[in-house]
Amino acid sequence: MSPPRTRCHRDQAVAAELAGTLAARPLFCDLLTHAPLNLERNVSLDTAYRFKLVAMAESRLIAADLASLLGLTKFQAIDVVATATGMAGALWQTAAQGTQLSTLYEKYPELAYAKVEVKPRLAGILTDLLTGMRRTGPSGDADGDGV
C-alpha cells in the first residue's frame, strides 16, 4: 500500500496532468491563442454566444472536478482552468515548435533561455499557483458575477 499523498504532492500531480493533457494537444493549444484574438472577432454575435456557452460550461465542469479533488473554492478552480488554458496558449506560441525560431534557439546557446518546453513550464506555473492559493486562502468572486 502506498503512503497517502500530501496536498503538495497532489497539487504537483494534478498540475502535471493538466499540463500534460494540454501539451499533448498542439492544435488545441494553438487555437487557445487564436480564438480570442482572431476567430471570435470574425463571427456573428450568435455564433460567438453559442461558442462561449459551450466553452464556459466545459470549463466549469473541469473546475468542479478540480475543486472537489483539491479542496479549492469554485472561484479558485475556475482560476486554475483559466490559467492553465491561457498559459498553454501563450507557452505554445513561445515554444515556436517546428519553426525557424526553434532552430535558432538550438543553434545559439546564448538564446537557450528563450526555448520553452510547454509541459514542464506549465506544470511549474500551475503548481506555483496552487501553492499560492493554499498560502493565501480563497479570494472569492471579486466582482460578484459568478464567473
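The values are calculated or read from the model by the stated rules, or taken from the named source; none is laboratory data. What you see is a predicted model; the values in this text were computed from it and never measured. Because the Cβ atoms are built from the backbone with ideal geometry, glycine has one as well, and the counts that use them run over all protein chains shown.
Here is the figure for segment 1-46: residues that are part of a helix (DSSP H, G or I), of a type outside the set (A, V, I, L, M, F, W, C) and either in contact with a Phe, Trp or Tyr (Cβ under 9 Å, 6 or more places away or on another chain) or at pLDDT 90 or above (or both) total 12.
In segment 87-126, the qualifying residues are those that are acidic (D, E) and outside any loop (DSSP other than H, G, I, E, B), and the one that is modelled with the lowest pLDDT is E106.
Residue-by-condition table, conditions (1) of a type in the set (D, E); (2) under 22 Å from T83 (Cβ atoms); (3) touching a residue at least 40 places away in the same chain (Cβ under 8 Å):
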position	(1), (2), (3)
A95	no, yes, no
G98	no, no, no
D128	yes, yes, no
P138	no, yes, yes
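Quick check on A82: is it of a type in the set (A, V, I, L, M), surrounded by 11 or more Cβ atoms within 10 Å (Cβ to Cβ) and modelled with pLDDT under 90? The answer is no for A82.
The condition (being surrounded by 11 or more Cβ atoms within 10 Å (Cβ to Cβ), farther than 25 Å from L129 by Cα and over 12 Å from the mean Cα position of the chain (by Cα)) is satisfied by just one residue among R50, R10, R60, R41: R50.
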